[in-house]
Every structure is written in structure tokens, then in C-alpha cells.
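The block underneath contains the structure these notes are about, expressed in C-alpha cells.
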């Protein structure tokens, strides 16, 4: 080949090579989209960024400044680690390490890793959805991404961490990334993501997420919504218009959320609204939507919102090592949540029932409760780290970024201002329930529990909690206690009320404590009566003396000048003192307690420090009655005597004034010291001079009634023993006393060889007490042979705000109770009895006892009008309510009943001049029994623990006290209602064609009334009619109005469950 030809070929090859070099990139770029090419050329660089160790990431997430103390602490830490002086550590070194710590605290690590895993697809989709991407070219995007890779990754991480949730079928993160302009604002998404990543640590802090909305803020680039809520609402209207934000939040959140709101809570606000309406907790909404599964739980009742970590209750390691066991534990945890929510609600509802009307509003709030951060398993107490691999998942994802983390403290829990934090105890356990009550007592004692009077000068905080308002745990020795939170209905081995629902009002508190003291005083008398027959040395061994000594230290709430407060101190008796103990009065006057009474730990003598965690033993007899003329008595006696005053004078007339500053201003105006002596004179009102006089009378009252004790059967020494009378009780007590005189002895340490609760005497007392507790239904009935419920001594009725008259149509009220038990088989559908035939109303006359008489026929609710006949036919419905001829309807009394799954709430209008009301009820085919007596200002009562899908009947009477007897003023129509959960429902609405009727005297008008409801029986569709003024217009059982004389009145159209509509009737000749 010639040189020329060879040169020509070389030139041709060069040309081809150059052309290929130019063509191949073009072929590559046309092989896929612009976004695909950009993705392929940037993915590696983006995935190479190290979140934890990148200096740039640390700087981008750093706060605007670190405090001097932050820097100094970090310098000290570094210096200790490196064996240097803190002075040798530079600010730059300290800041660099602070930035690393902050990177972990920001809680973006998992989201960052996920973004890096998916970064190729993300980049492709973002670029391809950018307007004019092709015209900008691949290089433009590659350069922008590579120059801002850390910022871009942080922007994507922020959206992944907080906006990866769905609205309907739309993922909000994806809408923000790939559908620019959806919210009416056009933006370049890539630029916006880089701007987010550049926003700085203060803005990107998860706790500040709500601050990124508004004019000029980061989210103004993508939406015109000015707030987070407006943005969420914009999405709701767009994607799920038929679902509320609260419903959506509960469905979408990955946290376990359980709401248990109270019936009385009128705010009608779910968890979403409560969170958003609080300026701090609104920032919790996005994190709760996006936390990991099994990370965090939330329980909301009307007072508190509890936040906790699931790792506190389930060993997360089992998720990998034993998934089946993990699933079992998760189900157990969900049951714990349900029970915990129920018990917290029970405590809150108790105080709402007891609180004065003007204080009830304090119980509607959003107080935060933070559960323990202990990590299961509980082989040791392991508190979650704040950051890193030893931090629980819920701590990393929620507690730390939301500034809720706390370091461990050796305590069950602490009230931190307005919120509660758990440490050793866990919120969803028995111990945790007690802690909940304990810490809420600290928060609310002055304003709520003491009715705004404030804690009493000299009484310190723990007096009100342990041994007073904090419910006692199951395994603790028997003590004076009010169970305000636990559900122990299934247990017979208890020394307190089974449920908080035992106390529906203040009178229940008083009658319960009176019942307890009926038993305790009687048992203590039986013990003392045996000891009076013993020798002086035996008395010395058996009894100790309790004295009041002045506290040498001033208290933070010392009170007015001259106030001096006492401590309880216990010592042995002298021979002369023991010799003089021959009667109950001797024991009281000498302030005697039994020698087994444990004072400090298990020691039986010594002084008891102020503000200690003391309880008052139920069965270690305490005959003392003490008072201080210059301040308060010792902590033990304050507690004991508070319960005794509750039993005799009630909560607001006895207990509260004794333990509060209720009479402080009165004392100041009289230039007196607010002392026991001053307060007791106010409470006693001249009946007793001293606490000792009061206690003598209390014992004497029970001593006089020992012959009336009901028989009781106990298990004693492995045998069933019936104690038929006091003499038999006394014989058992004698045996127990003589056994303990021999076997119980003091040790050199100051303790006895047998603990108090394990002695024969206390074991006997325990069995007798428990038997009476169960036999009397937690002292709803008396222990005495008359069988009557012990009526409290005169105290004013509690004064709840009365409900309005039951004329509107509210429909049934749902019960936000616990998750129901398995569905029971409903009772068979009852056949309605005939309704009463109208009879003339008798004159009022005294009735010795309003207990139901056997099934007389009467005319409840009648004012001279015709009453309906049996629903479904034309026969009359029989009324077996048992008031009969003792009833006079001098005022119209109407009641209605609303139904839930296991409860019914009966409401009625208040009758002028009535002194009280009695509620009667039964299952549909049963006989009426009196269920509750309430005060004159109470217009409702809730019947609980009912069977689902069953029908019940009720009526209400209004009475007036005349000459010591009860005269029935008025009686309501009977009402009938099915509990929810069965085949049939109740009336929900009453429709009338006309709400105003005009009729001439002697003329008639037919009413057209219809009752509707879901799955109601034919009988429930019938209507009953009552005229407010039968002399003006009467109404027949078929709804025919007859004009009588000129005037106006009201016709009530009443469904079987008491729902009613009013029709105004005008009778006029012309």
C-alpha cells in the first residue's frame, strides 16, 4: 500500500473515532430520561456521604450557638478522656464533638440511611418532574447536586422523617417531591430541598417542625397554607373529605394511641385537636405519624396524655430471636394499655364526681405524663441512653428529639411542675397506677382536692399522698385507704373498696368510711375489753403510749408567727400508767396504741419524722385522740383523725377543713393560730370539746350496738366459722390475745419477732373485716342487724351542676369505657307488661320508708291526663314500681335514660321544694329496687356493671322531708332501655308534625308523632303523653288533645326510654 493511501486511511479512521466520541454520549443521553442520566451520575457521590462523621453534615445541623456551659462540659469530657487539662482543649475541638453529638440527637440517622438507599430513584423522579428539565440539560443537574449533596440529602431526610405518611391513597412526601404545584404554588423542588438542607439546626430540629409554615418560611415555597394544621386540612379536603383529622390521625399514626375520654368532658376534642391546640404538643403530631412500629404509645384521658416507649414492656430482641413470643408479649402490652387507660380514667372520674362544681373544670386539661424509660427485660434497671445504639427506639425517635428525655432518678415518679415523669415504676403496672394517683395528688391537692383552700400550714406534701389519697398496692399490709384507681372487683382478698365507682358522691365516701370504722372501732373495743382483764405487766407488754413532741425544725409552710408543729413519738408504758388502763376512756385519754404498732420501719418505739411515707394500719389498734393548740399534730395522727372526721362529718365538712387552710383567714381575723384546736372547734360546732371527747363518743356509739351485729362467716384456722354475735367474736379475740401474749416478743433491735399483720389478733381482725366488707358490698349496707344502709351524719348534699330539664332530644350517650369483654348472649326479648291505668292522685302523707311495696298499680307522671297502654296493643302496661298510694304528683317529674354497653345513665328534671330523689330500677322482668338516693341538686345517676344487650327499667321519685319522714312529691313515668351490644336498640328521635297547637274548649286535635331508632322493636315505637296542665288541656293515650278551658300548657310526647318532645297548646274560645 502506498504511503499516500495509508495516510488517507489513517485520516479516515481518525474522523470516525472523533465522530464516535461525539455520537456515543448523545446516544447515551437519548437512551434514557434526563433524570435517569443524572441519577446514574450522582448516586455514588450521594451514597458516599457519611451521616455521623461528615463535618459538613455536622455543621449544617449545628444549632446557631452552643452555650458556654455546653463547651466547658465538653472540654472537661475530652480532657478526662485524653488525660489533659480542660484549658488545653480548644473551642474548635469542643464544637466539633458537640456537632457530632448533635447529629445523633437530631434523630435523622435512620431516615438519612433510607434516603441513601433509595437515592437513585428519588433523583430520577425529582429531575424528571422538574419543569424544563430537558432544556436545562444533564450537566446542570449533575453539577447542582454534586455541589450541594449534603444539603440535598438533609432536605430529603427531613421530608422522609416527618412527611412520609398517607392521606387516603396519597403519600404526602411523594406529593411534595414529585408533584410540584399540587398545592397551588409552583416551585423548583431541587432548589427547595437544598434550601431545607441549608436552613440550619435550629430550623431542622424536629421539635420546631411547626415553625416552618408561614410567610417567608420554608413551606411557603410549596403551599399557601400558613400553618401546619392548615396544610393538613388542605390535604384532608383534597384527599379524604369525609374523614376528620382526628379519625385520620388515629388511623395513620404508627404509634399505639388509645383515647379514654370521660362522659362529662364537653370539649368534644380528640387527641389530634388536643395536641394541636397546645403550643408545645402540636409539634408531636408529625413525629407520632412517622415513628416506627412498636416504638411509642400514647394514652389520652380527659386530664392527662401519657407518652411511653414500647421497649419498656417488651424485649425488642425477641422480634428477631422469637417472633411468636414477641407477638404474645405485644398482645399482652396492648391489654396493659387498655387496663392502664381504664384505671387512669377511673381516678380522674372519681375526682370529677367529688369535686365542687366550680373546680371540676380543672380536670379537663392536657397534662403530660412521661412513662419510665427503663428497657425490658427487667433483670436489672436499665435506663435507656439518650442517644446511640443503647437508646430505645422510642427514645431515639420521639423522646430525645421532642426534648422529653430525662436521666434516671431513684424514685417511683416525680411531679415536674405541671407534668409527671416515671422512673422506677412503670405507668401500666399496679405500682404505676399508685404513682399516677400520688403525683397527681401533689399537683392538684391545693386547688382541687382541698377545694381551693390550699394545703394546711404545717402539713407537708407527702401527708396527702401516701396513706391518704394514694391508693394502696395489693401486697401492702392492711391500712386505712380509699381505692381511687384500681379495679379489684374480682378479688375477695382485699381491705378496701373494689373500684373507684363505689364513690358516686361525697355521701358515698362518708358512708364507706363510717362502715370501715364501725368494724374497726368494734374490733378494737373487743381487743381492749379482753386486755382489761389482764395483769398490769401484760398491759405493759400489750400497750404503748403515743406522745406529741414539738418539731425542732421550722417547716417551709410554718404558718403565722407562734405556730408550732408536732411529731408523733411512741414509748413504752410505766407500771403506773399500765395499771390505770381499765376502760376505753382510759386508753383514749392516755393516748394509747398497741405495742405491735410499727413506728419506724418495723420498730415499735421512737419518733416519726415529718413528711414521711407513713400509712395508718387498719388493725393495729390506735385509741389516741390528739390535738395541738399551736399547729398540727404528728403525721400519723393527722392521717388517722382525718379519716375519722370524714366518717362522721363528711368530706367537705370534716376532712377538708381539718387538712386544709379553709379556716386560715377566719383564724387571722380572730387573731388566733390555725391549730388543731381552732379547726376542731369549727368542725365540732360545740358537740365535743376535744378530739379525745369525740373519740370517746365514737367508741361508745359502736359499743352500744354490739348486740346488733349481723352474723358473719370467716375462714379461721382452716375452718369455716360463723360469728353469730359479739360474745362469739369476743371469745375468738380472747384466744388470739392470749396466743400473742405468749408468742409475740420484742427483740433487742426494737422490732417484734412477729410482724404486726402476722399476729393472731390482726389475722383475726383481717378475716372479720374482709367478711363484713364483702357481705355489705363495700359498706353500702350496715354491719348491724337492721340491714339498713348506714346514713351519714348531717352534712350538706354535694352540689353538682344540675342537668337541664330532659325535654330536648339528645339521643343516646356513648360510653367511652374499656374495650368490651366477649359478647354475651343477649337476654330473650321481654314481653312488655301493661302500663298503669290512671287513678286520682292522693293527698301527700308521710311514708316511714320509701322501700318498694309489692306491686301496687298507680299513675306515675300523671297530671290528670290519659296514659298510654301497652306498646303494641291496646291493653294497659302494669307498673310494679311500688309507690302506689304514697305518691302525689304536685310537680311534673320526667326522666330519661341513655344507654351504653354496660351502663345506663338516668336523668331527670329537678322538682321545686324536693329535698332529694330516689332512683328505682330492675331488669325488665324483675322487681324494682331502690338503687340510689341523691341530693336535691343532683339530676342524674349512672347505673354501671350491667349486662350488654339486656333491657332494664327505671323510675325516679322526688321526696320532701316532713317531720322526719319522707313524703313523695312526684313520681316519673317508668322508662325502659336496652344496653348496647344486643340485637335491639333504643329510640333515637321523636318527630312531631306540629310543635304548636291551638284548640277550642271541648274540641279535639289528633297529634301525629313518630318514634325512630336503629333496630328498635315495635313496642319501642309507641308514645306516651302527659299534659302539664290537665285542667287546660288533656291528652289521651292515643295522642288526642281535648281543650278544657282557656289557657296554655305543654303536652309531652314521651318515648319508652324517656326521650321527649314538647308541644305548646293554646286553648281559646275564639
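The values are calculated or read from the model by the stated rules, or taken from the named source; none is laboratory data. The model shown is predicted, which means the values in this text are computed figures rather than measured ones. Methodologically, a virtual Cβ is constructed for each residue, glycine included, from the backbone with ideal geometry; neighbour enumeration extends over all protein chains shown.
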Touching a helix residue (DSSP H, G or I) at 6+ places or on another chain (Cβ under 8 Å) and under 30 Å from residue 102 (Cβ atoms): which single residue out of 411, 437, 392 fits that description?
392
Residues in region 1011-1047 that are under 17 Å from residue 992 (Cβ atoms) and over 40 Å from the mean Cα position of the chain (by Cα): how many?
12
Could you tell me how many of the residues in region 532-543 are out of contact with any strand residue (DSSP E or B) (no Cβ under 6 Å at 6 or more places or on another chain) and either without any contact (Cβ under 8 Å) to a residue 60 or more places away in the chain or surrounded by 24 or more Cβ atoms within 10 Å (Cβ to Cβ) (or both)?
8
Residue 1010 versus (1) in contact with a strand residue (DSSP E or B) (Cβ under 9 Å, 6 or more places away or on another chain); (2) part of a loop (DSSP other than H, G, I, E, B): which is the lone unmet condition?
(2)
Looking for whichever is touching a helix residue (DSSP H, G or I) at 6+ places or on another chain (Cβ under 7 Å) and either closer than 22 Å to residue 891 by Cβ or touching a residue at least 24 places away in the same chain (Cβ under 8 Å) (or both) here; the options are 987, 1001. Which one fits?
987
Could you pull out the residue among 546, 587, 581, 573 that is crowded, with 17+ Cβ neighbours inside 10 Å and closer than 19 Å to residue 632 by Cα?
546
Select, from 920, 928, the only residue that is closer than 25 Å to residue 966 by Cα, over 30 Å from the mean Cα position of the chain (by Cα) and in contact (Cβ under 8 Å) with a residue 60 or more places away in the chain.
928
Hey, among the residues in region 607-634 that are over 27 Å from residue 764 (Cα atoms) and in a strand (DSSP E or B), which one's farthest from the chain's Cα centre (by Cα)?
607
Would you confirm whether any residue within region 465-480 is surrounded by fewer than 22 Cβ atoms within 10 Å (Cβ to Cβ) and not in a loop (DSSP other than H, G, I, E, B)?
yes
With respect to the numbered conditions (1) over 26 Å from residue 296 (Cβ atoms); (2) part of a strand (DSSP E or B), which one is the sole condition not fulfilled by residue 225?
(2)
Considering only region 430-446, I want to know if a residue exists there that is modelled with pLDDT of 95 or more, surrounded by 21 or more Cβ atoms within 10 Å (Cβ to Cβ) and part of a loop (DSSP other than H, G, I, E, B).
no
Set 92, 150, 118, 160: member being loosely packed, with under 14 Cβ neighbours inside 10 Å and in the same structural domain as residue 193 (by TED's automatic domain parsing)
118
Within region 492-501, track down each residue that is part of a helix (DSSP H, G or I) and crowded, with 21+ Cβ neighbours inside 10 Å.
500
Given the conditions (1) part of a loop (DSSP other than H, G, I, E, B); (2) touching a residue at least 40 places away in the same chain (Cβ under 8 Å); (3) surrounded by fewer than 20 Cβ atoms within 10 Å (Cβ to Cβ), every one holds for residue 561 apart from (2)
Here are some residues: 272, 284, 313. Which one is crowded, with 20+ Cβ neighbours inside 10 Å and without any contact (Cβ under 8 Å) to a residue 40 or more places away in the chain?
272
Restricting to strands (runs of 3 or more DSSP E) lying wholly in region 897-1000: which have 2 or more residues that are more than 17 Å from residue 1057 (Cβ to Cβ)?
916-923, 929-935, 951-962, 965-971, 996-999
Taking the conditions exactly as written (surrounded by fewer than 21 Cβ atoms within 10 Å (Cβ to Cβ), within 29 Å of residue 350 (Cβ to Cβ) and in contact with a strand residue (DSSP E or B) (Cβ under 9 Å, 6 or more places away or on another chain)), does residue 910 satisfy them or not?
yes
